[in-house]
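The values are calculated or read from the model by the stated rules, or taken from the named source; none is laboratory data. Every value quoted in this text rests on a predicted model; they were computed, and no experiment measured them. As a convention, Cβ positions derive from the backbone with ideal geometry for all residues, glycine included, and neighbour counts pool all protein chains shown.
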Amino acid sequence: MAGIGIIGAGVAGIHLGLLLRQHDIPVTIYSDRTGEQLAGGRLPNTVAHHDTTVRREQALGVDHWDLAEHGYFGHHHYLGGPEPKRFFGAYTAPSRAIDHRIYLPRLLHDFRERGGDFRVRAVRAADVAALSDQHELVVVASGSGDLAAMFPRRADKSPYDAPQRRLCVGLFDGIADNEPRSVTLSLSPGHGEMVEIPIRSFDGPRKALLFEAVPGGGFEVLADASYDDDPAGFEKLVKDTLRAHHPTTFERIDHRRFRLTRPLDLLQGALVPTVREDWVRLPNGRYAIALGDAHVVVDPVVGQGANSASYSAWELGHTIIEDPTFDERFCRKVARRRADRVHATSDWTNLMIRTPPAPHLLELLDAMAGEKALADEFTENFNHPERQWDVLATPERTRDHLARRGRT
C-alpha cells in the first residue's frame, strides 16, 4: 500500500504531509484544486498563525516569511458601551498572518519537492473506502462536499445548530498600523465584533477587517451588501460601520486611500460551529481519521481555526510515526492526544460568540482593562487555548483566576 492518503490541501493536510515526509513516510495529498487555482481564487479566510504554529512551521522547514517584517506583537482591545475601554495585551513572541492564497501554494511546492505525491482529484465520501484500500490510512482533512458528514456530530461539543454570527471579511488599503503593530479586537455590545489583522497579501501588507455581526444587529447589513454592484457604496458602508462601532480602527483611516484591494479579496457568509467524532470505521473494516474542518469548525472570532488544525495534524502525525498500526486503539490514541487543546479551542470560541455575553467573560474583560498583566496573559493564551479555557470554563474559575491576581 502507498503510505498515508490525505484528502484536503489546507493547513491541516499540508502540515501533516510535510511532517510525515520528514520521516520518509509515503504521502499522497488529494485536492480538488491545483496550487494555481488556490492562488487565483477568492479570499478563503484571514487566519493568523500564532507563535506555537510558527514554531511548528520552523520545525517543518517552511518558515518563509520573516517575523520582523510580517509579524505582529499583540492585541489592541476596544470594548464599546457607555464607558468605552481601550487597552493593550502583548505576546511573548509575535504572530503573523499570510494570505493563504500565497501560503498554501508555497507549502504545496515544498511538499512536492520533498517527495510528496500531490493529485488533483475531487473526492467524495463514497470514494473514501476505495482509497483506504490503496493506503495504510486515510485522513479526511477537508470538510467540503459530503466529507465532513462521514463523521457524526458531537452534540455535547456543538451547542449551536445555526450560525451565531454573519460574517464579512475583506482586505483593505488605507488603514495605518497601530503601535505596536498588532491585531485590533473591537467589541460592540449587542452588535458584534470586528477583528483587524495585519496581513501579507499579493501586493504587500494590507489590513484584513473581519466583521462578526450578531444577526439583527447594527452591522449585519455588511454580510449581504454587494461590492460588485456598488464599490463606493460598499466601502462607505464599511467606513460608516467602523465610525459607529469600531472607532479605534476608523481613527487610522486615510480616506483618500481607503478601498477594498480587489473584488476577490472579499468573503461573506456564515458557519455553524461544529465538533465531530475523531474517526469512523469504513465498510471494509479500515478506519478514516477526521482532521481540520472535517473534525472541528470554529467561528473565526479569535482566529484559532488554522492553529487548531496545525496542532491536530502535529499530534496525529507523531502518533502515526510512533504507532503505525491503524486500528481502533490507534484512533483512540489520536483522539486523546489532541482532545484537550482542540476541544478547549472550540469551547472558548463558542463562549466568545454567546449572545448575550456570559457575565464572567465580561468580568474578565473589564479586569483586563485595568490590569496589563491580565491583558498580557489573555493575549498570550491565544497560543494555549486550553489555558484560556482553564480560566473561562466556569464563572467560578474566572473569579478564582481574578482573585489569585488580586482582582476581587
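Pick from the stretch 271-304 the residues that are in a strand (DSSP E or B), among the hydrophobic types (A, V, I, L, M, F, W, C) and surrounded by 22 or more Cβ atoms within 10 Å (Cβ to Cβ): which of them is nearest to the chain's Cα centre (by Cα)? Across the stretch 271-304, the extreme among qualifying residues is V296.
Among the numbered conditions (1) part of a helix (DSSP H, G or I); (2) touching a Leu at 6+ places or on another chain (Cβ under 7 Å), the only one that F330 does not meet is (2). Here D278 meets the list (1) free of Cβ contacts under 8 Å to residues at least 40 places away in the same chain; (2) over 22 Å from H50 (Cα atoms) almost entirely, failing just condition (1). For D340, the test of being surrounded by fewer than 20 Cβ atoms within 10 Å (Cβ to Cβ), more than 29 Å from V272 (Cβ to Cβ) and in contact (Cβ under 8 Å) with a residue 24 or more places away in the chain is failed.
Got at least one residue in the stretch 367-387 being within 24 Å of A313 (Cβ to Cβ), in contact with a Gly (Cβ under 9 Å, 6 or more places away or on another chain) and of a type in the set (D, E)? Within the stretch 367-387, one or more residues are within 24 Å of A313 (Cβ to Cβ), in contact with a Gly (Cβ under 9 Å, 6 or more places away or on another chain) and of a type in the set (D, E). Within the stretch 139-167, residues that are among the acidic types (D, E) reach partners that are surrounded by fewer than 20 Cβ atoms within 10 Å (Cβ to Cβ) and at pLDDT 95 or above with beta carbons closer than 7 Å, at six or more positions or on different chains, in the pairs D146/R124; D146/A125; D161/V272.
Pairs under 9 Å by beta carbon, first residue touching a residue at least 12 places away in the same chain (Cβ under 8 Å) and in the same structural domain as R252 (by TED's automatic domain parsing) in the stretch 227-241, partner assigned to a helix (DSSP H, G or I) and surrounded by fewer than 17 Cβ atoms within 10 Å (Cβ to Cβ), six or more apart or different chains? If the second residue must be assigned to a helix (DSSP H, G or I) and surrounded by fewer than 17 Cβ atoms within 10 Å (Cβ to Cβ), the pairs left are Y227/G233; Y227/P263; D228/P263; P231/P263; L237/V221; T241/V221. The residues listed here are P198, P159, P215; of these, the one that is at pLDDT 95 or above and under 20 Å from H75 (Cα atoms) is P198.
Taking residues in the stretch 40-55 that are without any contact (Cβ under 8 Å) to a residue 60 or more places away in the chain, and partners anywhere that are part of a helix (DSSP H, G or I), the pairs with Cβ atoms closer than 9 Å and at least 6 places apart or on different chains are V54/L67.
If you go through the stretch 329-388 and keep only what is over 23 Å from the mean Cα position of the chain (by Cα) and closer than 27 Å to V139 by Cα, you end up with R329, F330, C331, R332, K333.
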